[in-house]
Amino acid sequence: MAESIINQWGQGVPADRLLRQALRTEKEMLPRHKAAVVERVYTFFRWKGCLNQSRPLNQQIRMARELDADFRSHAGKIPSEVLKQTIPDWSFNCLKVTREWLVQIQRPALVWLRSPRGGMHRLERFFRKDIQVVGEGPWRKAFRYFGRHDLFQTPLFEQGAYEIQDLASQCVGHFCQPTSGESWWDMCAGEGGKTLHLADLLEGKGCVWATDKSAWRLQRLKRRAARAGMFNYQSAQWETGKPLPFKRKFDGILIDAPCSGLGTWQRHPDARWTTQLDDVRDLAERQWECLNAAVGALKPGGKLVYAVCTLTRQETQSVVKRFERAHPDFIPWPWKGQEPHLPDCHGEASSKDRHGLTLLPHQWKANGMFMVRWRKTKD
Ligand SMILES: C[S@@+](CC[C@H](N)C(=O)[O-])C[C@H]1O[C@@H](n2cnc3c(N)ncnc32)[C@H](O)[C@@H]1O
């Protein structure tokens, strides 16, 4: 089965979607056999850059698994030159590639859950030893998951008691610091991971407008919101360059912008081999368009948050510099004092004003993420 999924992958559908489609129909297959298929597919993509592509696929998969076994038994001894082949050449022009990062993205990604209001105790009772709370304060709703359940199939999932959401994505919601009663626009809401989080942090008071250019993603958002019992939101299909679907102004705008996704290369190793340098340039431009679309829709004093799950300079720092030069009426909104306190995790301030935060996968054991926040001074 792993071979057939890898063969289909060349046609543009991401590996995680192919895996979900293929395994959903295998009702008789044992969970550990399903896990073995997932492991083979992801191991292949993690080591793809080191494999001899002229060999038959089954031999390449075997080779990938041997490399992986070596790596797991003594990661410290794997030469950096080998690790460098696990990412595409163009990426070396976009960020400072460190050995720590390369080692981290060769490991299977951890699974993180978020429990909305009221879901936490049910989660602890149901999963028991399979989950662990990661931190204090708001982070008591972030759980690391260790078990082998199909997390999309449990009764608690159906009841909306948790969302499967990476820790770095959860950090974006907290970084927005919404307060109860505010109005927020989640501009690139996609399937609503962050819309749901913002709505939860608003404690049911206030409202989130969710827009996205993709109608099918917004459909999924509606299903998720219904499951979570979340009704303080509105959604509309919209994309940059088109007239806004509302006339109002917001207390806060989150731009979780389309990006090259380098920060997710641990969780989605196949994405390393689909993105190109040209995409990085195009996506930086798209992010700039999104930021400009937000400017007029924010109230004076309003909060603007820009987040991307990537680490390329072209998209992160360069976009921020360009925006700050063009819009001096947006002033840094420092996060000092509100940074998340998690054991063994620390983010790096990505600006001297401390209004930016970079989360690196080897520091957070989660996706890489870059985020910056400002306040608007006047209209
Ligand atoms: C990083 S994803 C958002 C993920 C989502 N916020 C979540 O937490 O699940 C970026 C989203 O931007 C949308 N998008 C891409 N280009 C866009 C544009 N020009 N205008 C509006 N949305 C866009 C994509 O459809 C995609 O859903």
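The values are calculated or read from the model by the stated rules, or taken from the named source; none is laboratory data. Computed from a prediction, not measured in an experiment: that's the story for all the values here. Glycine gets a Cβ as well: all are built from the backbone with ideal geometry, and neighbour counts include every protein chain shown. Areas reflect the complete protein model, heavy atoms only, side chains present, ligands, DNA and RNA absent. Shrake-Rupley method; radii C 1.70, N 1.55, O 1.52, S 1.80 Å.
What residue, among those in the stretch 247-265 that are more than 12 Å from the ligand (Cβ to nearest atom) and open to solvent by 10 Å² or more (accessible area, probe 1.4 Å), is nearest to K376 (Cα to Cα)? This residue is D251. Counting only strands (runs of 3 or more DSSP E) that sit wholly inside the stretch 115-232, those with at least 2 residues that are within 12 Å of the ligand (Cβ to nearest atom) and surrounded by 15 or more Cβ atoms within 10 Å (Cβ to Cβ) are 183-186, 207-212. Note on the stretch 245-335: enclosed strands (runs of 3 or more DSSP E) holding 2 or more residues that are in the same structural domain as T195 (by TED's automatic domain parsing) and within 23 Å of G193 (Cα to Cα) are 250-256, 298-308. Of all residues in the stretch 281-294, those that are more than 16 Å from S260 (Cβ to Cβ) have Cβ atoms under 7 Å from Cβ atoms of residues that are in a helix (DSSP H, G or I), 6 or more apart or on another chain, in L291/F323.
List pairs: first in the stretch 183-210 and within 17 Å of G302 (Cβ to Cβ) and assigned by TED's automatic domain parsing to the domain that holds K222, second of a type in the set (S, T, Y) and open to solvent by 30 Å² or more (accessible area, probe 1.4 Å), Cβ under 6 Å, 6+ apart or cross-chain? Close Cβ pairs satisfying both conditions: L202/S180; V208/Y233.
For the stretch 223-280, a residue qualifies if it is closer than 17 Å to K213 by Cβ and free of Cβ contacts under 8 Å to residues at least 24 places away in the same chain, and the qualifying residues are K242, P243, D279.
Within the stretch 318-337, residues that are at pLDDT 95 or above sit with their Cβ atoms under 9 Å from residues that are of a type in the set (G, A, S) and in a helix (DSSP H, G or I), at 6+ positions apart or across chains, in these pairs: S318/A284; V319/A284; R322/A284.
In the stretch 39-49, of all residues being touching a helix residue (DSSP H, G or I) at 6+ places or on another chain (Cβ under 6 Å) and not charged (D, E, K, R), the one that is surrounded by the fewest Cβ atoms within 10 Å (Cβ to Cβ) corresponds to F45.
Here the stretch 86-103 is the region considered, the condition is being surrounded by 16 or more Cβ atoms within 10 Å (Cβ to Cβ) and among the polar types (S, T, N, Q), and the residue that is nearest to Q314 (Cα to Cα) is S91.
Here M63 meets each of (1) hydrophobic (A, V, I, L, M, F, W, C); (2) open to solvent by 20 Å² or more (accessible area, probe 1.4 Å); (3) farther than 21 Å from L262 by Cα; (4) within 20 Å of the chain's Cα centre (by Cα) with one exception, condition (4).
All of R17, R24, R46 fail the test of being over 25 Å from W90 (Cα atoms) and at pLDDT 90 or above, apart from R17.
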